[in-house]
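This report refers to the structure that appears directly beneath it.
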Amino acid sequence: MLNPQLNKDGQLQHLLTTEGLPKAILTHILDTASSFVGISDRDVKKVPLLRGKSVFNLFFENSTRTRTTFEIASKRLSADVINLNISASSASKGESLLDTIDNLCAMHADMFVVRHSQSGAPYLIAKHLAEIGQDHVHIVNAGDGRHAHPTQGLLDMYTIRHYKKDFTNLTVAIVGDILHSRVARSDIHALSTLGVPEIRVIGPYTLLPAGMEQMGVRVFSDINAGLKDVDVIIMLRLQNERMTGALLPTAQEFFKSYGLTAERLALAKPDAIVMHPGPMNRGVEIDSAVADGPQAVILPQVTFGIAVRMAVMSILGGHSA
Amino acid sequence: MLNPQLNKDGQLQHLLTTEGLPKAILTHILDTASSFVGISDRDVKKVPLLRGKSVFNLFFENSTRTRTTFEIASKRLSADVINLNISASSASKGESLLDTIDNLCAMHADMFVVRHSQSGAPYLIAKHLAEIGQDHVHIVNAGDGRHAHPTQGLLDMYTIRHYKKDFTNLTVAIVGDILHSRVARSDIHALSTLGVPEIRVIGPYTLLPAGMEQMGVRVFSDINAGLKDVDVIIMLRLQNERMTGALLPTAQEFFKSYGLTAERLALAKPDAIVMHPGPMNRGVEIDSAVADGPQAVILPQVTFGIAVRMAVMSILGGHSA
Amino acid sequence: MLNPQLNKDGQLQHLLTTEGLPKAILTHILDTASSFVGISDRDVKKVPLLRGKSVFNLFFENSTRTRTTFEIASKRLSADVINLNISASSASKGESLLDTIDNLCAMHADMFVVRHSQSGAPYLIAKHLAEIGQDHVHIVNAGDGRHAHPTQGLLDMYTIRHYKKDFTNLTVAIVGDILHSRVARSDIHALSTLGVPEIRVIGPYTLLPAGMEQMGVRVFSDINAGLKDVDVIIMLRLQNERMTGALLPTAQEFFKSYGLTAERLALAKPDAIVMHPGPMNRGVEIDSAVADGPQAVILPQVTFGIAVRMAVMSILGGHSA
């Protein structure tokens, strides 16, 4: 199966990654999301698109924030949501993971929102569903290891399109801990597909994976050079908890070298927007003056994130295998 | 902003405290609650007043019991409820608390039910909501530090009115650990506003805050004197976990000096009612014979508590900023 | 009260155990469940039978899996579900347990789904509800200590009836840790009532309770002899966490002596079915080749389990005290 997230008719069957996702599908998700942005503003924020469907939030890695966004999106689509926080220990055996999936399928699950610390876990589940003839059950990858976080990538695309209208004349910089960031990966793939001509990554060499240039990305270790004339700045969260060894000196030194300050922001285009996937480490990767300043679109990202998740789930819910 | 819980039209915008809450609003809440008491008795216990609204239970301090009452009240109003248990650690920085609030507002929250171990946390949030132009989002204080627990205060008022009809001829005694009790504070303010002529607090001097007399409250360290001819006895829970240092000898000695026994209850008026906010420490602040006796109205308090919370939430949900 | 789970009209008031449950009621539950099996297959998997009812999942012993099945069943019946995970510590005092029950009744609970590590806890609650005049509140025992797990017993009966049609010509073997198994107990009582002529238990003597023969059960310590010509094999989970002392050598030795392999399965009738309550310890009590093989009906058990729980809850919800 070359692209396990598409069904035989080329429709979205699972959302596993933005890598290789056709431009038409990306755009369809963004267009659908835009119809949901209004709903969250209404008095009654619900539509019955997933009424009577059973959505399972399978969080093998704890994330109150992401789980909450999917829970809200599901409830606004009128689905029944069941939260399962499954400790890493009981999920350490692949066998046990698939037995869990088998059981939830037997309970007539319609959708799994999966967060897992191991890259590829949602693929393993998708492959298994196909093997056991349960591929009418849909998977949304809510973040797997360092690999992908496609709904974050999509909400970032929605935000950029909202403010910049056209992708084909943009320079976009992603700043920080590229090495550990599934957000960076999902953004780069989506930006490429949508035709962004210049994608830059900025960070210390220790936090840049090898081979970025081959992905068509320009690499900068000097933030001042990297931010020059960009339209969009995507700051990444410094994932202290993921770093092992001496990749970084201290949070203060990181801020000194790579933190986004007003002075650095001034190097970008005057109408550049500042994005961050949250939660922010103020004073580490971003200065509060910038985070709360007029160019930041960090909270609109959150708002669009609900609409994008509603879009993904309702599109999946409308497709069969 | 003198009274941050009222909007410019003098309507309830947030419920933060019973202190300074106008009598008309207090009475309106109690009257509204009385229309909800019947609903919980019906076969279908739901009304659609908050349908499609997103209520977040933000519990920075764990309390299964209080969270449950708000969850039931929300569901009976047909709201979508999302429970967030946020550990004290991640909430220790005020900044992080407000970033959390910003994010939930961006998800189009309609109401926050906030429990926090620090006095004033719900005020900080209310102030912030006004500053960021999000004061269409409503806050219900579900207990902040030693400061206030207004829905408990209101359900106590409901209970007293239910059994005694008129506040203006009552003597009400509050017994126990006044010093650490947000319930005592919320009760005293509400009782004063509703015109109770004599409010007494009874407890060891070490558990009585200074300056009670200036609040118009009579102070007794002798429980037998304090209970003489009262109409209402509100027992407080002995919050062992809150006491630091040697304020108290032992639970047994406390019971000996301040526990409510049948003999002591006989000092009150023959038709006096006995209240307790729960959960009870039987044999510490109250004897089981009294807790389960004919004068106890402790379980009706729980029933009325659901109705009062439904009333508060539906009133807030009907008001804009 | 001879049979505390029946009301004065002989209808199901609580589901506490399969022991002594009249055959007519057992059959009525299975028949009702069969009408629900189709619902979980539909696009909108909900029926409004418990709309507006408040179901409390009271889990004094943690079980994500069982809790999930009841949560799904409740939601598909349109009930409002509130999950309460109550640590063993705060529930160690019987008094505190009953105070919790009193409080939830005062909140107008309609049904308690109770899981408790102590045998008899749901009976204690049922007795208490009768004493306080709250027996319109229904209890479903979701597993109490080593005593009973009646919904598992019922879903096992449903599964057997589905595949074998008639109980009165069957030989059923239950294999493994009989001593610690509430599932075994619930199965044996239900199988007897439904007229199964031969019930066998198979396991090492250290894991067989005394007095099995008096229950009309044939006891085998040799699995090869025990499986001879059986129609139904019910494997039990090896509850490592429950075993204290040296009842068992090692998991490997257990598998060698009592694990269900293809060779051993061949001793049963050619159309014998293999059941397991889950979660399975593959390679301990059951070989993967059998667990995933054509005779296993372990996942259908899960599917039928949702329907059986919906049946029990809807039947209870339709009865008064």
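Data overview
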{"quantity": "Between helix A:121-131 and chain A: long-axis angle, C-alpha atoms, 0 to 90°, nearest 10", "calculated": "30"}
{"quantity": "Relative contact order of region C:150-297, defined on C-alpha pairs under 8 angstrom at six or more residues apart (%)", "calculated": "24"}
{"quantity": "Cα-Cα over 22 Å, subset of A:K46/B:K8; A:K8/A:K75; B:K23/B:K45; C:K23/C:K228; B:K46/B:K127; A:K75/C:K75", "calculated": "A:K46/B:K8; A:K8/A:K75; B:K23/B:K45; C:K23/C:K228; B:K46/B:K127"}
{"quantity": "Percent RCO, i.e. relative contact order, over region A:97-170, from Cα pairs under 8 Å lying at least 6 residues apart", "calculated": "30"}
{"quantity": "Chain A, closest residue to the rotation axis toward C, by beta-carbon, whole angstrom", "calculated": "A:N83, 5"}
{"quantity": "Peptide A:56-69, shielding by other chains (average Cβ, 10 Å cutoff)", "calculated": "2"}
{"quantity": "Tilt relative to chain A, helix A:23-37 - C-alpha long axis, 0 to 90 degrees, to 10", "calculated": "90"}
{"quantity": "Taking only Cα atoms of the protein assembly as shown, radius of gyration then Dmax in Å", "calculated": "30.6, 88"}
{"quantity": "Karplus (6.51, -1.76, 1.60) ³J(HN,Hα), θ = phi - 60°, over region A:267-276, in Hz, Gly and Pro reported as x", "calculated": "6, 6, 4, x, 9, 4, 9, 10, 10, 7"}
{"quantity": "Exam field: B:N3 pseudo-label spacings to other copies (7 Å along Cα-Cβ), nanometres", "calculated": "6.2, 6.2"}
{"quantity": "Cα centroid separation, region C:251-266 to region A:254-292 (Å)", "calculated": "62"}
{"quantity": "Region A:68-164 shape via C-alpha gyration tensor axes, a/c threshold 1.5", "calculated": "prolate"}
{"quantity": "Position B:K127, label points 7 Å along Cα→Cβ, spacing to each other copy in nm (shortest first, one decimal)", "calculated": "5.6, 5.6"}
{"quantity": "For chain C, share of DSSP beta bridges that run antiparallel, in % to the nearest 5", "calculated": "5"}
{"quantity": "Antiparallel %, DSSP beta bridges [both residues in the protein assembly as shown], to 5", "calculated": "5"}
{"quantity": "Relative contact order, percent, chain A [alpha-carbon distance under 8 Å, six or more residues apart]", "calculated": "21"}
{"quantity": "Debye, to nearest 20: dipole size of chain C, +1 on Lys, Arg Cβ, -1 on Asp, Glu Cβ", "calculated": "400"}
{"quantity": "3J(HN,Hα) from dihedral phi, region C:301-315, Karplus parametrisation 6.51/-1.76/1.60, rounded to Hz, x for glycine, proline", "calculated": "4, 5, 4, 5, x, 5, 5, 5, 5, 4, 5, 4, 5, 6, 5"}
{"quantity": "Which of B:T100, A:T100, C:G317, positive extreme of dipole for the protein assembly as shown (C-beta unit charges)", "calculated": "C:G317"}
{"quantity": "Projected-area mean, chain C, by convex hull of Cα positions, square nanometres", "calculated": "15.9"}
{"quantity": "Cα extents of region B:149-219 along the three principal axes, largest first (Å)", "calculated": "34, 22, 16"}
{"quantity": "Peptide B:47-54 - average C-beta neighbours from other chains (10 Å radius)", "calculated": "4"}
{"quantity": "Mean-position separation - Cα centroids, region A:189-236 and region A:154-187, in angstrom", "calculated": "10"}
{"quantity": "Copies compared at A:P197 - label distances in nm, ascending, label defined 7 Å from Cα in the Cβ direction", "calculated": "8.7, 8.7"}
{"quantity": "Sites matching trypsin sites (Lys or Arg not before Pro) across region B:113-188 that sit in DSSP coil, with at most 12 neighbouring C-beta atoms within 10 Å", "calculated": "B:K165"}
{"quantity": "Of C:G216, C:V284, C:L194, farthest towards positive along the dipole that unit charges on Lys, Arg, Asp, Glu beta carbons give region C:150-297", "calculated": "C:L194"}
{"quantity": "For region A:94-250, the Rg and Dmax computed from alpha carbons only, in angstrom", "calculated": "18.1, 55"}
{"quantity": "In degrees, nearest ten, helix A:150-164 long axis to first principal axis of chain A (Cα)", "calculated": "50"}
{"quantity": "Under the Debye formula (equal points on every Cα, no solvent term), log10 I(q)/I(0) of region A:192-239 at q = 0.33 Å⁻¹", "calculated": "-1.39"}
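Values quoted throughout were computed directly from the atomic coordinates according to the rules given, and no laboratory measurement underlies them. Computed from a prediction, not measured in an experiment: that's the story for all the values here. Here Cβ is always computed from backbone atoms with ideal geometry, including for glycine, and neighbour counts include all displayed protein chains.
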